[in-house]
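These notes are about the structure you will find just below.
The values are calculated or read from the model by the stated rules, or taken from the named source; none is laboratory data. Remember, it's a predicted structure, so these values are computed and weren't measured experimentally. Cβ placement follows ideal geometry from the backbone for every residue including glycine, while neighbour counts extend to all protein chains displayed.
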Amino acid sequence: MNDILPEAIGSWQHLESVVRELLTSYGYEEIRVPIVEHTSLFKRAIGELTDVVEKEMYTFDMGEESLTLRPEATAGIMRAAISNGMLRGARHKLWCTGPMFRHEKPQEGRYRQFYQVDVEALGFPGPDIDAELIALTARLWRKLGIERVALHINSLGTPESRKAYREKLIAYFRGHESRLDADSRRRLEGNPLRILDSKNPEMQEVIAGAPLLPDHLDPESRDHFDALCAMLREVGVPHVLDPRLVRGLDYYTRTVFEWVNTDAQGAQNAVCSGGRYDGLIAQLGGESTPGVGFAMGVERVVKLLIQAERAPPPAVADVYLVVSGAQATAAGIGLVERLREALPHRRFELNLGGGNFKAQFRRADRSGAALALIVGDDELARGVVALKPLRRELGQSECPIAELAGGVEAALLTQNISLP
C-alpha cells in the first residue's frame with residue numbers, strides 16, 4: 001500500500017476531472033458503494049475458484065459476519081442495484097471511483113491498495129453498448145494525450161457454449177498434464193480457462209496448442225461479436241482479436257476486452273479491462289438483467305500520463321504576501337482574505353510564521369508566485385501596498401489598498417499570468 005504525495009496529486013486530480021467530465025457527457029451517473037461488503041457477495045459474483053477469492057481478499061470476521069474489503073467494484077454496484085430496487089426493467093449507466101484491495105505480491109505497477117474507475121451499463125442487451133464503452137475509453141486516451149495503448153478483444157460466449165469448450169480444454173490439458181505448473185494443475189478441474197491467462201513463460205508453448213474459444217462460440221455470441229467488431233471499425237477504433245483473453249473473474253460472458261500498455265510486459269500491462277456479464281445480477285438474486293462494464297487502474301493511467309509528459313504542472317501561487325511589523329502582520333490575514341473574495345480565480349499565499357524580509361522572499365520564490373505584495377507598518381500607515389514582480393524585471397510599484405484587487409489583476413496580466 002502506498003502514499004500519494006502532494007507532488008503527484010495534480011496528475012490524479014487531472015485524470016479524475018477528465019474522467020468525470022467525459023462520463024457525464026456520455027450520460028453516466030456517479031454511484032458510491034461501501035468499501036466493505038459481505039464476503040459471500042464476492043464468492044458468488046467473482047467465483048470461489050478464482051485467484052481473487054482464493055488468495056487475494058482481505059477478509060475478517062465481526063461476530064458471526066464475514067466481511068471483506070472490496071477487491072473490485074462491479075459486485076458491489078450490482079448488489080446496490082438489487083437491494084435498492086433500481087432494476088425492474090430500468091436501464092442505468094453508472095460509474096464510481098475509489099480504492100480496491102487485493103493481497104497480491106507487491107511489484108512494479110501493482111499495489112495491495114489500488115484505485116480504479118469503474119463504469120457499468122445495466123439493461124442493454126446488444127453489442128452497441130459494448131461498442132460505446134470501448135469508444136468512450138478510446139476518447140479518454142485521446143483527451144489525456146495517451147497514445148501507447150492497444151485494444152485486445154475476445155468473446156467468451158454463453159455459459160452453455162463455454163461449458164462445452166471447457167470439456168475440450170480439460171481433455172487437452174490432461175494430455176499435457178506433466179507440462180503444467182502447480183497453479184495450472186490446481187485450476188485444471190475447477191477453472192481451466194484461467195490456465196490460458198497464465199503469465200508463466202514455461203507454460204506458453206503448451207497454451208499455444210490449446211483449442212481456441214472463438215472456434216466454439218454459439219451462433220448468437222458469434223453474431224454479437226461480429227456486430228461489435230463492425231461497430232468498432234465504424235468508429236475507427238483499431239483492435240486486436242485475442243483468442244487467449246479470458247479475464248480473471250468468472251462472471252464474464254460474451255465480450256471481454258483489455259487496453260494494454262504497449263511499452264509494458266507481462267501481467268502489469270493492462271490499464272483498462274472489462275466485458276459483459278449478462279448473468280451476474282440473476283446470479284446474485286436480482287431479476288435477469290444484461291450488463292457490461294470496465295475498470296481502469298488509476299495508478300497505471302497516471303504513470304502513462306507522466307510518461308507521455310501530459311501530466312499538468314504543479315499548482316503554484318499567483319501572489320505571495322510579505323508582511324513586516326506587528327500591525328502589518330495583524331492586518332495581513334484580513335487583507336489577503338479580502339483579495340481572495342475579490343479575485344476567487346487567483347491563488348494567494350500569505351507568509352506565516354514570521355521571518356525577516358530575506359527569509360520571506362525566499363519563501364515567495366519557492367512558492368512559484370509571479371507577484372509579491374509587501375505590507376509593512378509604514379505602507380499600512382500610508383494606505384498602500386508595494387507590488388514587486390518576481391518573474392520579470394518590471395520594477396516595484398505601489399497601489400492604494402482600496403484599489404488593490406484591480407492593481408493585483410493588472411500586475412499579473414502585465415506578466416502574462418492569464419486566468420486559470
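Summary table
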quantity	calculated
Every residue from the range 14-52 that is out of contact with any strand residue (DSSP E or B) (no Cβ under 8 Å at 6 or more places or on another chain) and without any contact (Cβ under 8 Å) to a residue 40 or more places away in the chain	Ser17, Glu21, Thr24, Ser25, Lys43, Glu48
Considering residues of the range 317-350 that are touching a Leu at 6+ places or on another chain (Cβ under 9 Å), exposed (fewer than 15 other Cβ atoms within 10 Å of the Cβ) and among the aliphatic types (A, V, I, L, M) only, the residue modelled with the highest pLDDT	Ala342
Residue that is farthest from His239 (Cα to Cα), among those in the range 169-186 that are of a type in the set (D, E, K, R) and either modelled with pLDDT under 85 or surrounded by 15 or more Cβ atoms within 10 Å (Cβ to Cβ) (or both)	Arg186
Matching residues in the range 63-96 - criterion: being of a type outside the set (A, V, I, L, M, F, W, C) and closer than 12 Å to Ile35 by Cβ	Thr68, Arg70, Pro71, Glu72, Gly76
Criterion: in a strand (DSSP E or B) and either touching a residue at least 40 places away in the same chain (Cβ under 8 Å) or not assigned by TED's automatic domain parsing to the domain that holds Ala90 (or both) - qualifying residue of Val271, Val301	Val271
Matching option when the condition is touching a Ser or Thr at 6+ places or on another chain (Cβ under 8 Å), exposed (fewer than 13 other Cβ atoms within 10 Å of the Cβ) and either in contact (Cβ under 8 Å) with a residue 12 or more places away in the chain or not assigned by TED's automatic domain parsing to the domain that holds Tyr26 (or both), among Ile374, Ile306	Ile306
Checking Ile146 against (1) assigned to a helix (DSSP H, G or I); (2) within 17 Å of the chain's Cα centre (by Cα); (3) not hydroxyl-bearing (Ser, Thr, Tyr), the condition it does not meet	(1)
Condition met for Gly353 (out of contact with any Leu (no Cβ under 8 Å at 6 or more places or on another chain), small (Gly, Ala, Ser), surrounded by 13 or more Cβ atoms within 10 Å (Cβ to Cβ) and modelled with pLDDT under 95)	no
Residues located in the range 111-131, provided they are surrounded by fewer than 18 Cβ atoms within 10 Å (Cβ to Cβ) and either in a helix (DSSP H, G or I) or in contact with a strand residue (DSSP E or B) (Cβ under 6 Å, 6 or more places away or on another chain) (or both)	Gln113, Asp128
Output for the range 150-182, where each listed residue is assigned to a strand (DSSP E or B) and either β-branched (Val, Ile, Thr) or over 25 Å from Glu258 (Cβ atoms) (or both)	Ile153
Conditions (1) touching a Cys at 6+ places or on another chain (Cβ under 6 Å); (2) free of Cβ contacts under 8 Å to residues at least 24 places away in the same chain; number of the one not met by Ser83	(1)
Residues of the range 40-97 that turn out to be of a type outside the set (A, V, I, L, M, F, W, C) and over 30 Å from Pro192 (Cα atoms), as a count	13
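To keep it simple, each residue is scored yes or no on (1) within 30 Å of the chain's Cα centre (by Cα); (2) modelled with pLDDT under 90; (3) acidic (Asp, Glu).
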position	(1), (2), (3)
Glu167	no, yes, yes
Leu188	no, yes, no
Met203	no, yes, no
Met231	yes, no, no
Val240	yes, no, no
Val246	yes, yes, no
